[in-house]
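Undergrad: Structure incoming, see below.
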Amino acid sequence: MARLEGKVAIITGSAQGMGASHARRFIKEGAKVVITDLNEEKGKALAAELGENALFVKHNVTNAEDWKNVVEETEKAFGKVDVLVNNAGISLNKSILETTEVEYRRIVDINQVSVFLGIKTVIPAMQKAGGGSIVNISSMNGIVAGAIGYTDTKFAVRGMTKAAAMECANYGITVNSVHPGVIATPMILQADSKAEIEEFSKHIPVKRVAQPEEVSNLVLYLASDESNYSTGSEFIVDGGLTAM
Ligand SMILES: NC(=O)c1ccc[n+]([C@@H]2O[C@H](COP(=O)([O-])OP(=O)(O)OC[C@H]3O[C@@H](n4cnc5c(N)ncnc54)[C@H](O)[C@@H]3O)[C@@H](O)[C@H]2O)c1
């Protein structure tokens, strides 16, 4: 049997990058997937490619009303919500002195407040469905330091995961965080040149960056019933970077 047979999943920020890879994998494993993103063009194109088990809903993850709409559209199209992958996020590569208050508040809103809104909005739907799985995408910078703003929000996602897991255990909902290292997505490929990525790869224990599909393997496990006894935990997929 497919590993997500009968499940309905919402994946935020899934028009491209890792989110799109998770959507493709989830569909292959029998799920119905709601692709949400600000990027309507790419989101619609992916949903069309994936067929009748995929739906695109335009979504700004910082907006509580948008979240309500995403859950309503999901229930309308597919009847319930079993899985939420809080994947949407942005990076910010500046020093503290270069970072403006506006930039700082923006990254907190997109990377952190969004995860709170997502968890809060899906709990009642998952309770109706009899339980569920919430997978929060943090980063290796939720384990060890990186840039200001990015590190802070990714640590917050790790902490929020643990707090939410304690409460959600009463509702049959698991909540876990995923901590990718350096993954070849537009986020990285647009910020760094090929030469910079090659140079950086030398410092990764496994000597390469990962492909998005390698993170999807882990997210799939956490979305499935195979991981029912794991909650409030962090799952690292970083080629050994945080073990150094
Ligand atoms: N790529 C990496 O190396 C890496 C490493 C660790 C963690 N991550 C995390 O993984 C997640 C996915 O990253 P990616 O590399 O695939 O990034 P990406 O930039 O390729 O894709 C992110 C998607 O999120 C969407 N998005 C941004 N702001 C949004 C908003 N306000 N509302 C809705 N959608 C929004 C974008 O439109 C985009 O489609 C992020 O949370 C990121 O921080 C990435």
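The numbers here are math on the coordinates, done by the rules we state, and not lab data. Given the structure is predicted, the values throughout are model-derived calculations rather than measurements. Here Cβ is always computed from backbone atoms with ideal geometry, including for glycine, and neighbour counts include all displayed protein chains.
Undergrad: Surrounded by 24 or more Cβ atoms within 10 Å (Cβ to Cβ) and among the small types (Gly, Ala, Ser), is that true of Ala2? Spell out the reasoning first.
TA: Details: surrounded by 24 or more Cβ atoms within 10 Å (Cβ to Cβ): no; among the small types (Gly, Ala, Ser): yes.
So Ala2 fails the test.
Undergrad: Then there is this: Does region 130-147 hold any residues that are away from the ligand (no atom under 14 Å from the Cβ) and either touching a residue at least 60 places away in the same chain (Cβ under 8 Å) or polar (S, T, N, Q) (or both), and which are they?
TA: Selection gives Ser133 alone.
Undergrad: Tell me, please, whether a residue that is within 16 Å of the chain's Cα centre (by Cα) and within 12 Å of the ligand (Cβ to nearest atom) can be found in region 160-171.
TA: No - not one qualifying residue is present in region 160-171.
Undergrad: Using the structure shown, decide if Ile110 is out of contact with any Phe, Trp or Tyr (no Cβ under 8 Å at 6 or more places or on another chain), β-branched (Val, Ile, Thr), free of Cβ contacts under 8 Å to residues at least 40 places away in the same chain and surrounded by 13 or more Cβ atoms within 10 Å (Cβ to Cβ). Lay out the reasoning, then the answer.
TA: On the way: out of contact with any Phe, Trp or Tyr (no Cβ under 8 Å at 6 or more places or on another chain): yes; β-branched (Val, Ile, Thr): yes; free of Cβ contacts under 8 Å to residues at least 40 places away in the same chain: no; surrounded by 13 or more Cβ atoms within 10 Å (Cβ to Cβ): yes.
When the stated conditions are applied, Ile110 does not pass them.
Undergrad: Do you know which residues across region 221-239 are of a type outside the set (Ser, Thr, Tyr) and touching a residue at least 40 places away in the same chain (Cβ under 8 Å)? Step through it out loud before you land on a result.
TA: Looking only at region 221-239, we keep the residues that are of a type outside the set (Ser, Thr, Tyr), and these are 222-223, 225-226, 228, 232, 234-239.
Matches in region 221-239: Leu222, Ala223, Glu226, Asn228, Gly232, Glu234, Phe235, Ile236, Val237, Asp238, Gly239.
Undergrad: Still on this structure: Looking at Gly130, Gly159, which is the one that is out of contact with any strand residue (DSSP E or B) (no Cβ under 6 Å at 6 or more places or on another chain), over 15 Å from Ser177 (Cα atoms) and small (Gly, Ala, Ser)? Show your work before the answer.
TA: Numbers: Gly159 fails: over 15 Å from Ser177 (Cα atoms).
Result of the check over Gly130, Gly159: Gly130.
Matching residues to (1) among the hydroxyl-bearing types (Ser, Thr, Tyr); (2) farther than 19 Å from Ser230 by Cα:
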site: Gly142; (1), (2): no, no
site: Gly149; (1), (2): no, yes
site: Thr174; (1), (2): yes, no
site: Ile197; (1), (2): no, yes
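Undergrad: Further question: Just one of (1) touching an Asp or Glu at 6+ places or on another chain (Cβ under 7 Å); (2) charged (D, E, K, R); (3) free of Cβ contacts under 8 Å to residues at least 40 places away in the same chain trips up Arg158, so point out which.
TA: Arg158 satisfies all of (1) touching an Asp or Glu at 6+ places or on another chain (Cβ under 7 Å); (2) charged (D, E, K, R); (3) free of Cβ contacts under 8 Å to residues at least 40 places away in the same chain except (3).
Undergrad: Limited to region 33-45, what total is found for residues that are in contact with a Lys or Arg (Cβ under 8 Å, 6 or more places away or on another chain) and crowded, with 23+ Cβ neighbours inside 10 Å? Let's see the steps before the verdict.
TA: If we filter region 33-45 for residues that are in contact with a Lys or Arg (Cβ under 8 Å, 6 or more places away or on another chain), which is where we start, we get 36-38, 40, 43.
Remaining after also requiring crowded, with 23+ Cβ neighbours inside 10 Å: 36-37, 43.
So the answer is 3.
Undergrad: Kindly provide the set of residues from region 196-242 that are within 30 Å of Glu167 (Cα to Cα) and among the small types (Gly, Ala, Ser), ordered by number.
TA: Once the filter is applied, which keeps residues that are within 30 Å of Glu167 (Cα to Cα) and among the small types (Gly, Ala, Ser), region 196-242 yields Ser216, Ala223, Ser224, Ser227, Ser230, Gly232, Ser233.
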